[in-house]
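**Q** Handing you a structure now.
The values are calculated or read from the model by the stated rules, or taken from the named source; none is laboratory data. Predicted, not measured: the structure shown is a model, and the values here were computed from it. A quick note on method: Cβ atoms are made from the backbone with ideal geometry, for glycine too, and the neighbour counts reach across all protein chains shown.
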Amino acid sequence: MSSKTSFPKAKINVVLVESIHPRAVELFKAEGFQVQTMAGAPDARKLASLAADAHVLGIRSKSDVTREILDAAPKLLTIGAFCIGTNQIATDHARKKGVPVFNSPFSNTRSVAELTIAEAIGLHRGLGDKTMQMHRGEWDKSAAGSHEVRGRTIGIVGYGHIGSQVSVLAEAMGMRVLFFDIVPKMALGNARSVRGLKELLEASDVVSLHVPATRQTEGMIGKAELARMKKGSYLINNARGSVVDVDALAAALKSGHVAGAALDVFPDEPAAKGDRFTSPLQGLANVLLTPHVGGSTEEAQEAIAEDVCDKLIKFVNVGSTGGAVNVPEVELPEQIIRDGTRTVRPHRILHFHKNVPGVLSKMHSLIAQMNANISAEYLRTSDDVGYVVLDVDPSDAEAIRRKLADIPETIRVRVLW
Ligand code: NAI
């Protein structure tokens, strides 16, 4: 992005902690920003001192950006969560301060889909048990119970970003694909949607779950659903731990009704590396267990870095909040107007304000009194905060900025040129 900002780019200070992928450093440097990095997660005091000096703060899941840290970071324009979740950030408080938070919910889609296909094959071949036997020195060469996935039916529950990728990859492996989603979805390739979960469970050789954790999906696969699955079929859960009743699954596996399962997510996951993991599924035959690594690949980390950087850079340079998790989303064009052969670059005023009745009319009457020339106005609001963007004639920008800053409901004003 080549747009200038009112603030010299070389003075934009980006602080990246928790070993964010080096691609982020490259992208920010290419913009001319200053970049400071830290390998591990800073403690609260260190994070506060880093944030106090940052215009852009990049974290992953282990840095808690609290209200106190935000209150002590007056320069902070925006925060990037280089991960999926944003629970570690006081996002509501950030919104009230006009600080958008961006994350990357879908950059690891492909990684999860690939693991799912690997597991579908692994379960059909009993790979987990065979490799354990070999590590113990046991040689058991046999075809019994091993199958190709070609020609088998995979039933995908949740046909969103991941489910639909699994669909494409499974077809490439020669599998038949059925799917069930609560929202009508266009089937990819030869995949076929079914009317309900029951139909999917009864018809699939392998059932793969790709739904979010909601009240509706909690315990979605329990004793009754497992009983509906074909005898000798497999279950894969790379979605969320709350979706499967693991005690019921353990019972179905022990009885032999379900022939194997792969799980990457669990109802109780250890908080930190090295903490003990326990599950009723441990020690059961043909069960593949992984520590919530479905989306954890270097490629996904790089894709996350590119996605979050793109959003942060667009916000700093252009004012766009598309993809923000906590402020109204406004997608903005570059601030260029073509007037015949002339190209005019208006100044852009970015204004976060408390969303209370009368603010917009105050703004408009101030601007009308000044007889200012406005070429574009964009507005989105959430319950408590509004975001207005005005493209104005450069000669009017500073006066408008000062007047808007004086409106008591103003949270933050910034000008780009
Ligand atoms: P998405 O939001 O793109 O797709 C979810 C789909 O599930 C949507 O199409 C939605 O309509 C559907 N759905 C919701 N409730 C349903 C229900 N009751 N029955 C049937 N369908 C329902 O989400 P995405 O990115 O595909 O992620 C899917 C799951 O994978 C999420 O739970 C996510 O947390 C998890 N995930 C796990 C990772 C891992 O490391 N194992 C990494 C990334 C995501």
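**Q** Restricting attention to the stretch 337-350, does a residue exist that is of a type in the set (Val, Ile, Thr) and touching a Pro at 6+ places or on another chain (Cβ under 8 Å)?
**A** Step one: filter the stretch 337-350 for residues of a type in the set (Val, Ile, Thr), giving 337, 341, 343-344, 349.
In the following step, the residues that additionally are touching a Pro at 6+ places or on another chain (Cβ under 8 Å) were identified as 337.
Looking through the stretch 337-350, at least one residue is of a type in the set (Val, Ile, Thr) and touching a Pro at 6+ places or on another chain (Cβ under 8 Å).
**Q** Could you grab the pairs with beta carbons closer than 6 Å, sequence gap of 6+ or different chains, first residue in the stretch 398-411 and modelled with pLDDT of 90 or more and of a type outside the set (A, V, I, L, M), second one surrounded by 14 or more Cβ atoms within 10 Å (Cβ to Cβ) and assigned to a strand (DSSP E or B)?
**A** Glu409/His353; Glu409/Lys354; Thr410/His353
**Q** Can you say whether Ala271 is more than 15 Å from the ligand (Cβ to nearest atom) and either in contact with a Phe, Trp or Tyr (Cβ under 6 Å, 6 or more places away or on another chain) or in a helix (DSSP H, G or I) (or both), as far as the supplied structure shows?
**A** Working: more than 15 Å from the ligand (Cβ to nearest atom): yes; either in contact with a Phe, Trp or Tyr (Cβ under 6 Å, 6 or more places away or on another chain) or in a helix (DSSP H, G or I) (or both): no.
The answer is no for Ala271.
**Q** While we're on this one: Could you run through the stretch 175-227 and say how many residues are surrounded by fewer than 18 Cβ atoms within 10 Å (Cβ to Cβ), of a type in the set (D, E, K, R) and more than 28 Å from the chain's Cα centre (by Cα)?
**A** Adding up the residues that qualify gives 5.
**Q** How many residues are more than 23 Å from the chain's Cα centre (by Cα) and assigned to a helix (DSSP H, G or I) when one looks only at the stretch 27-52?
**A** Summing the residues that are more than 23 Å from the chain's Cα centre (by Cα) and assigned to a helix (DSSP H, G or I) in the stretch 27-52 gives 9.
**Q** Which residue out of Ala81, Ala52, Ala73 is surrounded by fewer than 17 Cβ atoms within 10 Å (Cβ to Cβ), at pLDDT 95 or above and among the aliphatic types (A, V, I, L, M)?
**A** Details: Ala81 fails: surrounded by fewer than 17 Cβ atoms within 10 Å (Cβ to Cβ); Ala73 fails: surrounded by fewer than 17 Cβ atoms within 10 Å (Cβ to Cβ).
It is Ala52.
**Q** How about the stretch 208-235: which of its residues are in contact with a Leu (Cβ under 9 Å, 6 or more places away or on another chain) and near the ligand (Cβ under 10 Å from one of its atoms)?
**A** Of everything in the stretch 208-235, those that are in contact with a Leu (Cβ under 9 Å, 6 or more places away or on another chain) and near the ligand (Cβ under 10 Å from one of its atoms) turn out to be Leu209, Thr217, Met220.
**Q** A further question follows. For the stretch 143-174, give me each residue that is within 22 Å of Arg228 (Cβ to Cβ) and buried (at least 23 other Cβ atoms within 10 Å of the Cβ).
**A** Those that are within 22 Å of Arg228 (Cβ to Cβ) and buried (at least 23 other Cβ atoms within 10 Å of the Cβ): Ile154, Gly155, Ile156, Val157, Gly158, Tyr159, Gly163, Val166, Ser167, Ala170.
Rundown of residues vs (1) away from the ligand (no atom under 16 Å from the Cβ); (2) closer than 30 Å to Gly80 by Cα, yes/no style:
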site: Thr116; (1), (2): no, yes
site: His135; (1), (2): yes, no
site: Ser142; (1), (2): yes, no
site: Arg176; (1), (2): yes, no
site: Met186; (1), (2): no, no
site: Ala203; (1), (2): no, no
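**Q** Next up: Going by what's in this entry, would Ile182 be described as of a type in the set (A, V, I, L, M) and either more than 13 Å from the ligand (Cβ to nearest atom) or assigned to a strand (DSSP E or B) (or both)? Even if it seems obvious, please write down each step before you answer.
**A** Details: of a type in the set (A, V, I, L, M): yes; either more than 13 Å from the ligand (Cβ to nearest atom) or assigned to a strand (DSSP E or B) (or both): no.
It is false that Ile182 is of a type in the set (A, V, I, L, M) and either more than 13 Å from the ligand (Cβ to nearest atom) or assigned to a strand (DSSP E or B) (or both).
**Q** Further question: Filter the stretch 292-324 for residues that are part of a loop (DSSP other than H, G, I, E, B) and over 15 Å from Ile162 (Cβ atoms); which is nearest to the ligand (Cβ to nearest atom)? Outline the logic, then answer.
**A** Step one: list which residues in the stretch 292-324 are part of a loop (DSSP other than H, G, I, E, B), which gives 292-297, 319-323.
Now drop any that are not over 15 Å from Ile162 (Cβ atoms), which leaves 319-323.
Working: Gly319: 27, Ser320: 22, Thr321: 21, Gly322: 17, Gly323: 14 Å.
It comes out as Gly323.
**Q** Only residues that are more than 16 Å from the ligand (Cβ to nearest atom) and not charged (D, E, K, R): list them for the stretch 144-174, please.
**A** Applying the first criterion (more than 16 Å from the ligand (Cβ to nearest atom)) to the stretch 144-174 yields 144-153, 171-174.
Matches in the stretch 144-174: Ala144, Gly145, Ser146, His147, Val149, Gly151, Thr153, Ala172, Met173, Gly174.
**Q** It is to be established whether one or more residues within the stretch 93-100 are in a loop (DSSP other than H, G, I, E, B), within 25 Å of Phe7 (Cα to Cα) and charged (D, E, K, R). Outline the logic, then answer.
**A** If we filter the stretch 93-100 for residues that are in a loop (DSSP other than H, G, I, E, B), which is where we start, we get 97-100.
Retained after the next criterion (residues that are within 25 Å of Phe7 (Cα to Cα)): 97-100.
Subset that is charged (D, E, K, R): 97.
Yes, the stretch 93-100 contains at least one residue that is in a loop (DSSP other than H, G, I, E, B), within 25 Å of Phe7 (Cα to Cα) and charged (D, E, K, R).
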